[in-house]
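The values are calculated or read from the model by the stated rules, or taken from the named source; none is laboratory data. Just so we're clear, the structure is a prediction, and the values are computed from it rather than from any experiment. Counting neighbours? That spans all protein chains shown, and the Cβs are built from the backbone with ideal geometry, glycine included. Each accessible area value is taken on the protein alone, full model and side chains, heavy atoms only, with ligands, DNA and RNA left out. Shrake-Rupley method; radii C 1.70, N 1.55, O 1.52, S 1.80 Å.
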Amino acid sequence: MRPLAILLSLLLAMPMIGLLLPIFLGTGQPTLPAELGVSQEGTLAHLWSYVLNDYVITTLLLVLGVAIGVFILGVGNAWLIANYQFPGKKIYEWALILPLAVPTYVMAYLFVDFLQFAGPLQTLLRDGFGITAALPDPRSLGGAIWTFSLCLFPYVYLVARTSFLDRSARLMEAAETLGYSSIEAFVRLVLPMTRPAIFTGIALALMEVLADFGAVSYFGLQTFATGIFKAWLSFGDRIAAVHLSLMLLAFVLLVFYWEQHNRKRQRYALSTTNTRPPLPKRLHGSHAFYASSFCGLTLFLAFVLPIIVLLRLLISEGFNLDPRYFSWLKNSLGLSTLTAILAVICAVFLAYAARLSQSNTLRVINRLLTVGYALPGAVLGVGILSLLGYFDLAWFMSASVVVLVYAYLIRFLSSGLQSIETGLTRITPAMDGTAALLGAKPWEMIRRIHLPLLRRSVLTALLFVFVDVMKELPATLLLRPFNLDTLAVATYQLAADERLSELALPALSIVLVGLLPVILLSRAISRER
């Protein structure tokens, strides 16, 4: 079992080899066509000279802006929900995670449609109130920061709310007896105590930002993700795409290291001694109104308004069904189901191999495989394409979905693996020892004892991988066979053609599927405390 587990892990790490081969072998770099006015120094040198600074600066500004946005929305809502009673709190505490069901590229399309000059908001201002001044162009860096912040703040909200609920109520009371106001106690005591958890949520949001292509492309931003697609699809330059992919990967790994470092520090941030659940204070009058308004406005902008805009677009189209819709739906459901099943099988095998062999090597390998969720789809796609190119197997990609499913498996295996490993921790080693004494073989032990106990973890892993694959765009764009479009690809292509009313149904389908795990998470939150 151990050799097979190591072999499977090496197979899943092959795209990284594809990224490194051009660096060491350095063959096959084409140059830009002469009619473009670029010297024969090649595409990479051209990028260094003209656009790489834009990629770096735009990416850094986008990351910084989104970090501030998700901090304000996530921590602000979490603090109100965890510490105060006000009208609507029971709804907001679970509904504030619903924006996770809206993919960022879908939010970008709806945001621009709603705020553009011919959109419903500016039309209402002109026709109803006589306001002719145009609003700022939503297709801008500021619009992208606003969109990402609304989509991704639940990452910070979830971890911050948990930390605020787990904080020591006695320490807060002690701060108040020392004369601190609620704001002073929050800034000087609670915020430093929960900082590692908050940083973890921000890091998860930033990894989503760095991995995104659909939204930044629609906003017209020059980031590393858009540069990778331009180098590969427009210039046809493998070397330039690989170098840009490695630069983006360096950004992502830096954020990933930051997230892991702060996650380790959480054990020191809180003490479990003398802790008790906090007693939320009841707000009255204007304070209750402001608290309810802040949470309500966040939920409205991040989830309710996008759904309204989607439904408006759907109605404006007259519910005319695109004849290709069922093909898109079939492809998305088929790829998602196949990948989810394979991911769970691999996750169960790897988790049990580490458990039964008690091998530190396998535990380390399993930890390394969890880096897959931080691997941008564009980087993964370039790595696989580069690897296929060196072995002259690129033709295989156009004839089969195997390469695409392989990419999905690498990208989203971590979701299944973490769920299965969490479920295994609830099965005590004493159960294994008892079963072994009764003569049970390892596979019989798994089939008759462990799998029934892991049923909930397996279903959770299946669901999360399924939804992740449904929403994945960059890897699908690069690796899909000819004439195979998914709901995500169709939504992106319709938005690129400015056919926003036609994208309503495929986009709404993606959102509705994404609601499944979010509803499960919401139910779990509503049962807490």
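Test Leu313 against the criterion of being over 30 Å from Leu189 (Cα atoms), modelled with pLDDT under 90 and of a type in the set (A, V, I, L, M, F, W, C), and give yes or no. So that I can check it myself, show each step before the final result.
Details: over 30 Å from Leu189 (Cα atoms): yes; modelled with pLDDT under 90: yes; of a type in the set (A, V, I, L, M, F, W, C): yes.
In short, yes.
Scanning the stretch 99-137 for residues that are assigned to a loop (DSSP other than H, G, I, E, B) and free of Cβ contacts under 8 Å to residues at least 60 places away in the same chain yields Gln116, Phe117, Ala118, Gly119, Gly130, Ile131, Thr132, Ala133, Ala134, Leu135, Pro136, Asp137. Residues in the stretch 305-339 that are exposed (fewer than 15 other Cβ atoms within 10 Å of the Cβ) and of a type outside the set (Ser, Thr, Tyr): Ile308, Leu311, Ile315, Gly318, Phe319, Asn320, Leu321, Pro323, Arg324, Phe326, Lys330, Gly334. Evaluate the following for Trp48: is it surrounded by fewer than 15 Cβ atoms within 10 Å (Cβ to Cβ) and either in contact with a helix residue (DSSP H, G or I) (Cβ under 8 Å, 6 or more places away or on another chain) or at pLDDT 65 or above (or both)? The answer is yes for Trp48. Across the stretch 93-109, not a single residue is classified as of a type in the set (Asp, Glu) and either open to solvent by 40 Å² or more (accessible area, probe 1.4 Å) or under 15 Å from Ala215 (Cβ atoms) (or both).
Checked against (1) surrounded by 22 or more Cβ atoms within 10 Å (Cβ to Cβ); (2) within 15 Å of the chain's Cα centre (by Cα), Leu158 passes all but condition (1).
Is there a residue being modelled with pLDDT under 75 and in contact with a helix residue (DSSP H, G or I) (Cβ under 6 Å, 6 or more places away or on another chain) anywhere in the stretch 225-236? Yes, the stretch 225-236 contains at least one residue that is modelled with pLDDT under 75 and in contact with a helix residue (DSSP H, G or I) (Cβ under 6 Å, 6 or more places away or on another chain). Among residues of the stretch 442-461 that are without any contact (Cβ under 8 Å) to a residue 40 or more places away in the chain, those with a Cβ under 8 angstrom from a residue that is outside any helix (DSSP H, G or I) and open to solvent by 70 Å² or more (accessible area, probe 1.4 Å), sequence gap 6+ or separate chain, pair up as Leu453/Arg426. Against the numbered list (1) surrounded by fewer than 24 Cβ atoms within 10 Å (Cβ to Cβ); (2) within 18 Å of the chain's Cα centre (by Cα), Ala461 comes up short only at (1).
Does Glu35 satisfy the criteria of being out of contact with any Asp or Glu (no Cβ under 9 Å at 6 or more places or on another chain), modelled with pLDDT under 65, open to solvent by 70 Å² or more (accessible area, probe 1.4 Å) and not in a helix (DSSP H, G or I)?
Considered against the rule, which asks whether it is out of contact with any Asp or Glu (no Cβ under 9 Å at 6 or more places or on another chain), modelled with pLDDT under 65, open to solvent by 70 Å² or more (accessible area, probe 1.4 Å) and not in a helix (DSSP H, G or I), Glu35 comes out as no.
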